Amino acid sequence: MTTFASLDDSPVTSDEEGGDPDWAFLSEQLNPATLAALRVHKGLEVEAPTHRICESSGPSKSHVPVAVSVSALEAIISRLSGADFAQTAASEGRLQFSPDAHRSLLLDQECGDSAASKRVLETQGVLRLNRCLPAEVCDALLLSVNKSLDKAISDENPCFDRAAGFGQVLERRNRYDMMLEPTEEILAALSQLLGADAKLGQLFQEVFANDTDAPFSELSSLISDKGAQRQQLHPDNAFQEVCPFFTTFVALQDITPEMGPTVFLPETNTEACHDAFNSKESGATHEFLVAQEWATPLLRKGDVQVLDSRTIHAATANTSGRRALFYFTLQNPLCVDLGKKGVTPTIDPGSILPGISMNLSDFR
C-alpha cells in the first residue's frame, strides 16, 4: 500500500538543525514525493535515492520537488529521524499489550442494513464484514498469489520494486505488496464482492451516495512471511475533511494472532487525532496512544475489513507463517478536491499495475 504525502499551500522553508536521517533507509520506506520533500526541507538537493532495491531496473530519475507543509514534514522528521522504525514500532507494541491497554477484537458489524454499516465505517474508520467471499474462491486466489510470489522470491536476482510489480510497504523484510493482474479469477471475485446484491456492494452504494463512478486506485495483495517485523502506526494519508480512499482487505485464509494481523485504532480518522498523533510536544503522542482502543480483526477466510484511509493502523509481527490478503482501493467520488495542490494531500500512484483502468461501475 502507498502511504501518501501531506500537502498544503505552505512551501518548505526551515532552518532546523540536527542529525541527518539515514537517506538510504528512508528511500526504502517513503514514497518519492515525501522523500524529495524531506531533502528539500533539510536544505539538500533533490536527487535519486542512494539505495536501489533492484539494480537491474535501470537508472533512477531525479525526484521532482514538491511543496509540503513545514508542520507535516516536521512531524515526519520527528518520527523518522535516525530511521529507528523498529524501536518506535516496539514501543507501540508494548503500549498495545500493556496491562492497562484497551484491546478488543474487531468483530463483524452485522448492522442489519447498509446505512447502519456506513455509520459505523464513518465513525470508527474501519469496518469488518464476515463471509463476503466463498471459501473455494479464496482458495483459488491464495494458490495463485502464493505461486506468483514464490516465483518472484526464487528468481536468481529477485526484484521487488514498482517496475517488477511490487508496491511500497513499511517494514519490507518478509513483507510484500504484490500487484495483481485483473484475471478472470480476480474479476469473478470482485463481481461477487461488489455486486448490487452483495453486502459490500451495498455498503459502497451507501457510502458513495449511489455514485458508482469510483475508480480503482489499487489492485494488489498484501503478504507477510514469518519474520516480518511489526510496522509503525500510520494512516495511509494525511487528514482531509472527506475521506479520499476506502481500501477493502479480503482474508484468503483464517488469520491467527501469530500471523501478524493488522491492529487498528478506531475513531482516529479525525483531524484532532491526527494532530495528537503527529504532535511534537514531549509525551503527547504517547498519551494519545495510551488512550486509544487497539482493535485487531482475526479474520476468517472470506471475511473483509474496509478501511478509511485516514485511520491509524499497523501490521503486527508475523511469527508463524504466511498471511495473504487480497485487497483493492476505491477512490471516493464524493472527494472532489482529491490531490488538489495547496488544498488536500498529494496522491502518489497506488499499488496497481500500469494500464489497468477499473471502476466500481464495472461490477454493477
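Applying the set (1) at pLDDT 95 or above; (2) on the phi > 0 side of the Ramachandran plot to residue 133 leaves exactly one unmet item: (2). Working only within the range 340-364, note down all residues that are closer than 22 Å to residue 235 by Cβ and buried (at least 16 other Cβ atoms within 10 Å of the Cβ). Answer for the range 340-364, where residues must be closer than 22 Å to residue 235 by Cβ and buried (at least 16 other Cβ atoms within 10 Å of the Cβ): 344, 345, 346, 347, 348, 350, 351, 352. When only residues in the range 304-324 that are buried (at least 22 other Cβ atoms within 10 Å of the Cβ) and assigned to a loop (DSSP other than H, G, I, E, B) count, which is nearest to the chain's Cα centre (by Cα)? Among residues in the range 304-324 that are buried (at least 22 other Cβ atoms within 10 Å of the Cβ) and assigned to a loop (DSSP other than H, G, I, E, B), the one nearest to the chain's Cα centre (by Cα) is 309. Taking first residues from the range 325-347 that are within 30 Å of residue 299 (Cβ to Cβ) and partners that are outside any loop (DSSP other than H, G, I, E, B) and open to solvent by 30 Å² or more (accessible area, probe 1.4 Å), the Cβ contacts under 7 Å between residues at least 6 apart in sequence or on separate chains come to 331/215; 338/331.
So which residues in the range 242-262 are part of a loop (DSSP other than H, G, I, E, B) and either without any contact (Cβ under 8 Å) to a residue 12 or more places away in the chain or over 18 Å from residue 273 (Cβ atoms) (or both), if there are any at all? Walk me through how you get there before you give the answer.
Of the residues in the range 242-262, the ones part of a loop (DSSP other than H, G, I, E, B) are 242-244, 252-256, 260-261.
Answer for the range 242-262, where residues must be part of a loop (DSSP other than H, G, I, E, B) and either without any contact (Cβ under 8 Å) to a residue 12 or more places away in the chain or over 18 Å from residue 273 (Cβ atoms) (or both): 252, 253, 254, 255, 256, 260, 261.
Within the range 270-297, residues that are closer than 20 Å to residue 308 by Cα and modelled with pLDDT of 95 or more sit with their Cβ atoms under 6 Å from residues that are open to solvent by 30 Å² or more (accessible area, probe 1.4 Å) and of a type in the set (D, E, K, R), at 6+ positions apart or across chains, in these pairs: 294/103.
Summed over the range 298-314, residues that are over 23 Å from residue 338 (Cβ atoms) and hydrophobic (A, V, I, L, M, F, W, C) total 4. Scanning the range 136-159 for residues that are open to solvent by 30 Å² or more (accessible area, probe 1.4 Å), at pLDDT below 95 and touching a helix residue (DSSP H, G or I) at 6+ places or on another chain (Cβ under 7 Å) yields 157, 158. Are any residues in the range 163-185 in contact (Cβ under 8 Å) with a residue 60 or more places away in the chain and either surrounded by fewer than 19 Cβ atoms within 10 Å (Cβ to Cβ) or among the β-branched types (Val, Ile, Thr) (or both), and if so, which ones? Answer for the range 163-185, where residues must be in contact (Cβ under 8 Å) with a residue 60 or more places away in the chain and either surrounded by fewer than 19 Cβ atoms within 10 Å (Cβ to Cβ) or among the β-branched types (Val, Ile, Thr) (or both): 163, 164, 169, 172, 174, 181, 182.
Out of all the residues in the range 196-224, which are touching a Lys or Arg at 6+ places or on another chain (Cβ under 6 Å) and either open to solvent by 20 Å² or more (accessible area, probe 1.4 Å) or part of a loop (DSSP other than H, G, I, E, B) (or both)? Talk me through it step by step, then tell me what you get.
First pass over the range 196-224, keeping only residues touching a Lys or Arg at 6+ places or on another chain (Cβ under 6 Å): 196, 206-207, 212, 224.
Answer for the range 196-224, where residues must be touching a Lys or Arg at 6+ places or on another chain (Cβ under 6 Å) and either open to solvent by 20 Å² or more (accessible area, probe 1.4 Å) or part of a loop (DSSP other than H, G, I, E, B) (or both): 196, 206, 212.
The residue list 266, 333 contains one member that is open to solvent by less than 20 Å² (accessible area, probe 1.4 Å) and part of a loop (DSSP other than H, G, I, E, B), which is 266.
The values are calculated or read from the model by the stated rules, or taken from the named source; none is laboratory data. Just so it is clear, the structure is predicted and the values come from calculations on it, not from any experiment. Every residue, glycine as well, gets a Cβ built from its backbone with ideal geometry; the counts of neighbours run over all protein chains shown. The area values use the complete protein model at the heavy-atom level, side chains included, leaving out ligands, DNA and RNA. Shrake-Rupley method; radii C 1.70, N 1.55, O 1.52, S 1.80 Å.
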